[in-house]
Amino acid sequence: MNGIDQARALLDWHIVMGIDETIAEHPVDNFAPPKPVTTAASEALHDMAPATQMTQQAARPPASAAPVTVSPTTPPPSGEASVQSATELAAVAQTFDDLQAALTDFDGCALKKTATNMVFADGNPSGRVLFIGEAPGAEEDRQGKPFVGPSGRLLDKMLASIDLDRSQVLISNTVFWRPPGNRTPTTIEAAICLPFVQRMVELMMPEVIVPLGGPAAKSLLEQTTGIGKLRGRWFTYAAANLSSSIAATPLFHPAYLLRTPAQKRAAWRDLLMIRQHLNRADGA
Ligand code: URA
């Protein structure tokens, strides 16, 4: 194998591992032990020494001053603490703008560290239907907007097929930052973001909630069965703070439909079910 083949094989391996994007100027070794940081005492001594005496010897702390190692980062809050803080922050949001601002300030979800942008929601907060996907992908991460990549284009066609567009619905995700390598969000990541999704539902009070794909159905409807068994059925989304329950029906995720076009027929039936539900509400 020559050098070019080796480099290509290495790049292929990175892609298989989900490392498909550069997110910083320099690589970060997350496995390296934290570097000890010099003590404030030694720095103060260093700062106070006149320039002429600033030899290595003079800058060293006296033997009696024990070096203090400070951790360069504060430890991340536990999952439980993050869920608690998300719940408190989301609860006080009175508008969509409040909710977006609260989420912008929220540091409890580790996905925020690796994402380029937060992806909140797109569409109409007063719309009739709320679509909740799994997680932002690469294009969504770049633009800070949900469903703008290939699956977003299919979702737009699915909406159009039942006379809907983004001005009549709201689109968001179970988590608001792209998981590295597009992996499925972990249960704890979804649990940490859930209070914001639940508050979004409360503020919007849509007529129908549509979880897109298994992970969204699991997070919103507390279901454990696969999407193949959940789609085509109606569920009731009922939360403590809701004045009334909301009809919910999971759909196959557009990304799955792109990979498995044979399932588009089933998805079309499910979309018609949603259209009929909206028509009935209109008295049509
Ligand atoms: N897939 C999702 O689940 N959400 C997006 O926003 C984009 C792709």
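So the check is Cβ under 6 Å with 6+ separation or different chains; which pairs have a first residue in the stretch 239-267 that's touching a residue at least 60 places away in the same chain (Cβ under 8 Å) and acidic (Asp, Glu) and a second one that's part of a loop (DSSP other than H, G, I, E, B) and open to solvent by 10 Å² or more (accessible area, probe 1.4 Å)?
If the second residue must be part of a loop (DSSP other than H, G, I, E, B) and open to solvent by 10 Å² or more (accessible area, probe 1.4 Å), no pairs are left.
Scan the stretch 230-284 for residues that are within 16 Å of the ligand (Cβ to nearest atom) and charged (D, E, K, R) and jot them down.
Of everything in the stretch 230-284, those that are within 16 Å of the ligand (Cβ to nearest atom) and charged (D, E, K, R) turn out to be Arg231, Arg259.
Is it true that Val197 is β-branched (Val, Ile, Thr) and not in a strand (DSSP E or B)?
Yes.
Within the stretch 101-125, which residues are within 16 Å of the ligand (Cβ to nearest atom) and either among the aliphatic types (A, V, I, L, M) or over 13 Å from the mean Cα position of the chain (by Cα) (or both)?
Once the filter is applied, which keeps residues that are within 16 Å of the ligand (Cβ to nearest atom) and either among the aliphatic types (A, V, I, L, M) or over 13 Å from the mean Cα position of the chain (by Cα) (or both), the stretch 101-125 yields Leu103, Leu111, Ala115, Met118, Val119, Ala121, Asp122, Gly123.
Mind checking whether some residue in the stretch 126-137 is within 12 Å of the ligand (Cβ to nearest atom), open to solvent by less than 20 Å² (accessible area, probe 1.4 Å) and at positive phi? Reasoning before the result, please.
Of the stretch 126-137, the ones within 12 Å of the ligand (Cβ to nearest atom) are 131-137.
From the residues that got through so far, the ones that are open to solvent by less than 20 Å² (accessible area, probe 1.4 Å) too are 131-133, 136-137.
Retained after the next criterion (residues that are at positive phi): none.
For the stretch 126-137, residues within 12 Å of the ligand (Cβ to nearest atom), open to solvent by less than 20 Å² (accessible area, probe 1.4 Å) and at positive phi: absent.
Return yes when Gln168 is open to solvent by 60 Å² or more (accessible area, probe 1.4 Å) and more than 11 Å from the ligand (Cβ to nearest atom) and no when it is not.
Values: open to solvent by 60 Å² or more (accessible area, probe 1.4 Å): yes; more than 11 Å from the ligand (Cβ to nearest atom): yes.
So Gln168 passes the test.
If a residue counts only when it is at pLDDT 95 or above and not basic (Lys, Arg), which helices (runs of 4 or more DSSP H) contained entirely in the stretch 47-159 have at least 1 such residues?
On the way: elements: 56-59, 79-92, 96-105, 111-114, 138-143.
Answer list for the stretch 47-159: 79-92, 96-105, 111-114, 138-143.
Tell me which residues, restricted to the stretch 200-242, are touching a Pro at 6+ places or on another chain (Cβ under 8 Å) and part of a strand (DSSP E or B).
Of everything in the stretch 200-242, those that are touching a Pro at 6+ places or on another chain (Cβ under 8 Å) and part of a strand (DSSP E or B) turn out to be Val210, Pro211, Leu212, Phe235.
Condition test on Thr260, is it closer than 17 Å to Glu134 by Cβ, open to solvent by less than 60 Å² (accessible area, probe 1.4 Å) and out of contact with any Ser or Thr (no Cβ under 6 Å at 6 or more places or on another chain)?
Numbers: closer than 17 Å to Glu134 by Cβ: yes; open to solvent by less than 60 Å² (accessible area, probe 1.4 Å): yes; out of contact with any Ser or Thr (no Cβ under 6 Å at 6 or more places or on another chain): yes.
Taking the combined requirement at face value, the residue satisfies it.
Just need a number here: residues in the stretch 87-121 that are over 15 Å from Glu202 (Cα atoms) and touching a helix residue (DSSP H, G or I) at 6+ places or on another chain (Cβ under 9 Å).
The initial filter retains those residues of the stretch 87-121 that are over 15 Å from Glu202 (Cα atoms), namely 101-120.
Cutting the leftovers down to touching a helix residue (DSSP H, G or I) at 6+ places or on another chain (Cβ under 9 Å) gives us 102-103, 105-111, 114-120.
Of the residues in the stretch 87-121, 16 are over 15 Å from Glu202 (Cα atoms) and touching a helix residue (DSSP H, G or I) at 6+ places or on another chain (Cβ under 9 Å).
Yes/no matrix, rows are residues, columns are (1) under 26 Å from Ala266 (Cα atoms); (2) within 14 Å of the chain's Cα centre (by Cα):
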position	(1), (2)
Asn182	yes, yes
Ile192	no, yes
Phe196	no, yes
Glu202	no, no
Pro206	yes, no
Glu222	yes, no
Gly226	yes, no
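Would it be correct to say that Phe147 is on the phi > 0 side of the Ramachandran plot, of a type in the set (Phe, Trp, Tyr), within 13 Å of the ligand (Cβ to nearest atom) and buried (at least 24 other Cβ atoms within 10 Å of the Cβ)?
Details: on the phi > 0 side of the Ramachandran plot: yes; of a type in the set (Phe, Trp, Tyr): yes; within 13 Å of the ligand (Cβ to nearest atom): yes; buried (at least 24 other Cβ atoms within 10 Å of the Cβ): yes.
Answer is yes for this residue.
Tell me, which residue of the stretch 204-218 that is within 15 Å of the ligand (Cβ to nearest atom) and over 12 Å from Ala248 (Cβ atoms) is most open to solvent (accessible area, probe 1.4 Å)?
Per the stated criteria, the residue is Lys218.
So the check is Cβ under 8 Å with 6+ separation or different chains; which pairs have a first residue in the stretch 171-189 that's assigned to a helix (DSSP H, G or I) and a second one that's within 10 Å of the ligand (Cβ to nearest atom)?
Final answer for the pair search is Asn182/Ala135; Asn182/Gly137; Asn182/Ala138; Glu189/Val175.
Which count do you get for residues in the stretch 219-229 that are within 16 Å of the ligand (Cβ to nearest atom) and surrounded by fewer than 16 Cβ atoms within 10 Å (Cβ to Cβ)?
0
Condition test on Val197, is it among the β-branched types (Val, Ile, Thr), surrounded by 17 or more Cβ atoms within 10 Å (Cβ to Cβ), closer than 22 Å to Ala110 by Cα and away from the ligand (no atom under 11 Å from the Cβ)? First the steps, then the outcome.
Working: among the β-branched types (Val, Ile, Thr): yes; surrounded by 17 or more Cβ atoms within 10 Å (Cβ to Cβ): yes; closer than 22 Å to Ala110 by Cα: yes; away from the ligand (no atom under 11 Å from the Cβ): yes.
Yes; evaluated as a whole, the condition is true for this residue.
The values are calculated or read from the model by the stated rules, or taken from the named source; none is laboratory data. Bear in mind that the values here come from a model prediction, so they are computed numbers and not experimental data. Because the Cβ atoms are built from the backbone with ideal geometry, glycine has one as well, and the counts that use them run over all protein chains shown. Areas reflect the complete protein model, heavy atoms only, side chains present, ligands, DNA and RNA absent. Shrake-Rupley method; radii C 1.70, N 1.55, O 1.52, S 1.80 Å.
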